[in-house]
Amino acid sequence: MRPAGRSGDLPMSDRRQSPTFIELFTPKLITVLRESYSVAALRADFIAGLTVAIVALPLSMAIAIASGTTPERGLFTAAVGGFLISALGGSRFQIGGPAAAFTVLVALTVSRVGLDGLFLATMMAGVFLIAMGFLRLGTYIKFIPYPVTVGFIAGIAITLLAGQIHDLLGLKLAAAEPAEFLPKVKALWAGISTINPASAATALATLAIIIGLKKVRPQWPGLLIAITVAAVVATLLKLPIETIGTRFGGIPDSLPRPALPDFSLEKMQAVLPDAISFALLGAIESLLSAVAADGMTGRRHRSNMELVAQGFANIASALFGGICATGTIARTATNVRAGARSPLSGMFHAVFILLFMLVAAPLASFIPLAALAGVLVIVAWNMAEKPELLTLLRSSKGDAVVLLATLGLTVFRSLTEGIVVGFGLGALLFINRMAQSTGIQARAPHVPDDKADDANGGRTPYDARIATDPDVAAYRITGAFFFAGAATVGAVLDNIADRHKAFVIDFAAVPFIDSTAANTIGSVARKARKGGVALLISAASPEVRESLASHGVRSPAVRFEPTLEDAFAAAHAGLAQQKIR
């Protein structure tokens with residue numbers, strides 16, 4: 001029985017085999033408003049939105065700074081992009097905004113093509129995300145192997161952590177901090193003698209407050225409290241440390257007017273790799289976040305609508321001077337725990353971020369950069385899925401190789417290379433494992449040892465003739481029969497025509513066959529026919545028979561029987577007729 005008020009969250013397959021366009025691309029906000037949305041639900045969404053905004057406020061500024069831009073860019077992203085992600089998205093609980101996973105990519109893009117190039121790449125990524133959604137690619141993005149996901153998240157966490165050392169310790173570098181990992185580490189090491197004790201102490205105090213409050217008062221907004229305490233203490237004691245005001249001159253008290261970035265064909269070609277990376281990472285991050293929310297609530301998101309919403313949010317964010325927007329796992333989880341009921345909570349969160357800019361923008365000037373760096377250290381530590389990483393490293397050599405390759409390339413090369421190579425290695429590992437599961441058994445008992453009793457309750461003995469018959473050979477293929485195992489199976493079957501008068505290939509344990517494997521059986525059938533050997537196929541499913549028939553494996557060249565015993569009986573009947581003739 002379907003629970004009341006949740007019809008819009010059931011998988012489409014539960015309602016109809018082929019969902020309509022409207023069903024796939026209806027925002028969850030509309031689904032909620034069609035239901036009996038109550039005043040109590042509105043109150044719950046309002047409180048949840050305020051709670052998430054308190055968490056998102058310092059994070060948005062910290063992520064923007066770590067991305068090589070100014071703090072207000074993060075607030076623009078949370079306000080504009082976050083509002084549209086909730087209003088148009090396919091999840092009830094998704095909270096959108098700037099994500100720590102993007103810091104490395106955004107910083108590299110800014111250093112290479114500047115802010116205008118970043119805005120153009122973000123808008124192009126938005127177009128790609130919309131196209132991915134309408135092409136219904138959301139489902140397939142979820143198929144990225146788990147070791148790849150864990151590896152690139154851990155790689156992002158390492159690079160994010162490295163990017164905070166500068167502000168964390170108040171280092172004075174001889175030149176601008178490089179965006180790439182190895183040059184960054186080299187530059188940081190060269191400036192290690194310039195540690196600012198006040199910055200280091202502020203960062204440590206911020207970390208201590210966040211960690212301490214999480215243990216003793218987990219329901220309190222530890223990030224905002226830590227940032228506030230750090231700003232107050234630094235101001236009262238006049239600590240010699242950098243703040244948002246001293247480095248950036250504060251933040252504006254309103255949204256800028258929307259404006260298109262300068263673009264040309266040459267510039268679009270220059271930022272195309274960045275746009276593809278933004279779109280790919282945005283899709284993965286947002287769908288992972290939506291899946292996490294589903295797991296916490298029992299709801300179901302619409303993955304393709306989620307991608308479309310992410311696309312529009314990124315286009316709008318860039319128009320208003322923001323950076324890449326995506327669904328954020330930590331803020332989405334906070335939203336769920338705060339009692340959110342609908343996408344309105346995410347929309348309220350965006351409005352509260354905007355209100356902060358309008359009312360309290362001057363206060364942001366007092367926030368120490370060391371405190372914001374401390375916040376991102378906590379984020380980086382929480383991002384790295386340490387138990388899962390250790391489990392994968394111990395589980396199998398193949399998974400460990402995929403994970404380490406993805407992690408290493410993400411840190412030392414680029415996120416895009418890490419995902420692509422990791423996915424490729426994961427696919428090869430899967431193919432190898434599937435090939436190993438495909439086998440061929442010969443001269444073995446191919447019928448159940450314990451047959452059903454007869455009508456009188458007598459035990460039917462096992463017919464050992466199937467395993468020892470000198471004229472008819474039985475071969476059983478096991479597992480998915482596809483290109484990876486076709487050569488091995490084909491080599492075994494090719495030798496049969498010279499040894500037996502007839503042979504049976506049992507497909508009872510074959511759930512799937514691809515064109516390469518079907519062509520292999522077709523080759524064997526042709527060879528058997530030339531050699532005058534009868535070929536019978538038993539227990540093939542209708543789907544397998546259809547695939548075989550498409551490659552010429554059909555009657556009268558091959559005889560199909562429902563069971564292995566029927567195939568043996570038919571083979572012997574055929575041999576008997578040949579003797580009579």
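State whether the residues of the stretch 314-336 include one that is hydroxyl-bearing (S, T, Y) and over 24 Å from the mean Cα position of the chain (by Cα). Checked the stretch 314-336: no residue is hydroxyl-bearing (S, T, Y) and over 24 Å from the mean Cα position of the chain (by Cα). Inspect all residues belonging to the stretch 557-570 and state whether any of them is crowded, with 18+ Cβ neighbours inside 10 Å, touching a residue at least 40 places away in the same chain (Cβ under 8 Å) and aromatic (F, W, Y). Within the stretch 557-570 (the criterion being crowded, with 18+ Cβ neighbours inside 10 Å, touching a residue at least 40 places away in the same chain (Cβ under 8 Å) and aromatic (F, W, Y)), the answer is yes, since at least one residue qualifies.
Okay, residues lined up against (1) modelled with pLDDT under 95; (2) more than 18 Å from R247 (Cβ to Cβ); (3) not in a helix (DSSP H, G or I):
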| position | (1), (2), (3) |
| --- | --- |
| H166 | yes, no, no |
| L171 | yes, no, yes |
| A175 | yes, no, yes |
| P178 | yes, yes, yes |
| K184 | yes, yes, no |
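Can L118 be described as on the phi < 0 side of the Ramachandran plot, surrounded by 14 or more Cβ atoms within 10 Å (Cβ to Cβ) and at pLDDT 95 or above? Here the answer is yes, as L118 does meet what is asked. Selection of the stretch 150-166 for residues being surrounded by fewer than 24 Cβ atoms within 10 Å (Cβ to Cβ) and touching a Gly at 6+ places or on another chain (Cβ under 9 Å) yields only H166.
Taken over the stretch 246-296, the criterion of being exposed (fewer than 15 other Cβ atoms within 10 Å of the Cβ), in a helix (DSSP H, G or I) and polar (S, T, N, Q) is satisfied by T246, Q269. Looking at the stretch 552-568, can you tell me whether even one residue there is closer than 30 Å to L428 by Cβ and not acidic (D, E)? Yes, the conditions are met somewhere in the stretch 552-568. Does F152 qualify as being out of contact with any strand residue (DSSP E or B) (no Cβ under 9 Å at 6 or more places or on another chain) and either not in a loop (DSSP other than H, G, I, E, B) or not assigned by TED's automatic domain parsing to the domain that holds I329 (or both)? It is true that F152 is out of contact with any strand residue (DSSP E or B) (no Cβ under 9 Å at 6 or more places or on another chain) and either not in a loop (DSSP other than H, G, I, E, B) or not assigned by TED's automatic domain parsing to the domain that holds I329 (or both).
Is there a residue being touching a residue at least 40 places away in the same chain (Cβ under 8 Å) and over 18 Å from A473 (Cβ atoms) anywhere in the stretch 499-519? No - not one qualifying residue is present in the stretch 499-519.
The single condition among (1) over 16 Å from L281 (Cα atoms); (2) in contact with a Leu (Cβ under 7 Å, 6 or more places away or on another chain) that G89 does not meet is (2). Restricting attention to the stretch 191-228, the residues being outside any loop (DSSP other than H, G, I, E, B), surrounded by fewer than 16 Cβ atoms within 10 Å (Cβ to Cβ) and not hydrophobic (A, V, I, L, M, F, W, C) number 6.
If you go through the stretch 531-556 and keep only what is assigned to a helix (DSSP H, G or I), loosely packed, with under 14 Cβ neighbours inside 10 Å and either in contact with a His (Cβ under 7 Å, 6 or more places away or on another chain) or in contact (Cβ under 8 Å) with a residue 24 or more places away in the chain (or both), you end up with just E543. Scanning the stretch 187-211 for residues that are without any contact (Cβ under 8 Å) to a residue 24 or more places away in the chain and either within 32 Å of the chain's Cα centre (by Cα) or not assigned by TED's automatic domain parsing to the domain that holds T159 (or both) yields nothing.
This table checks each residue for (1) under 30 Å from K527 (Cβ atoms); (2) at pLDDT below 70; (3) within 44 Å of the chain's Cα centre (by Cα).
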site: G422; (1), (2), (3): no, no, yes
site: G457; (1), (2), (3): no, yes, no
site: V472; (1), (2), (3): yes, no, no
site: A486; (1), (2), (3): yes, no, yes
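Can you tell me which of I47, I30, I65 is touching a Pro at 6+ places or on another chain (Cβ under 9 Å) and at pLDDT 90 or above?
Numbers: I47 fails: touching a Pro at 6+ places or on another chain (Cβ under 9 Å); I30 fails: touching a Pro at 6+ places or on another chain (Cβ under 9 Å).
Answer to the check: I65.
Checked against (1) in a loop (DSSP other than H, G, I, E, B); (2) surrounded by fewer than 24 Cβ atoms within 10 Å (Cβ to Cβ), Q94 passes all but condition (2). State whether one or more residues within the stretch 335-349 are among the hydrophobic types (A, V, I, L, M, F, W, C), modelled with pLDDT under 90 and in the same structural domain as T122 (by TED's automatic domain parsing). Scanning the stretch 335-349 turns up at least one residue that is among the hydrophobic types (A, V, I, L, M, F, W, C), modelled with pLDDT under 90 and in the same structural domain as T122 (by TED's automatic domain parsing).
Check A234, A292, A230, A226 and return the single one that is over 30 Å from S365 (Cα atoms) and assigned by TED's automatic domain parsing to the domain that holds G90. Result: A292 is the single residue among A234, A292, A230, A226 that is over 30 Å from S365 (Cα atoms) and assigned by TED's automatic domain parsing to the domain that holds G90.
Note on the stretch 350-400: residues that are more than 22 Å from V55 (Cβ to Cβ) and at pLDDT 90 or above amount to 0.
The values are calculated or read from the model by the stated rules, or taken from the named source; none is laboratory data. Not measured: the values here are computed from a predicted model. Cβ sites come from the backbone with ideal geometry, for glycine too, and all protein chains shown count toward neighbours.
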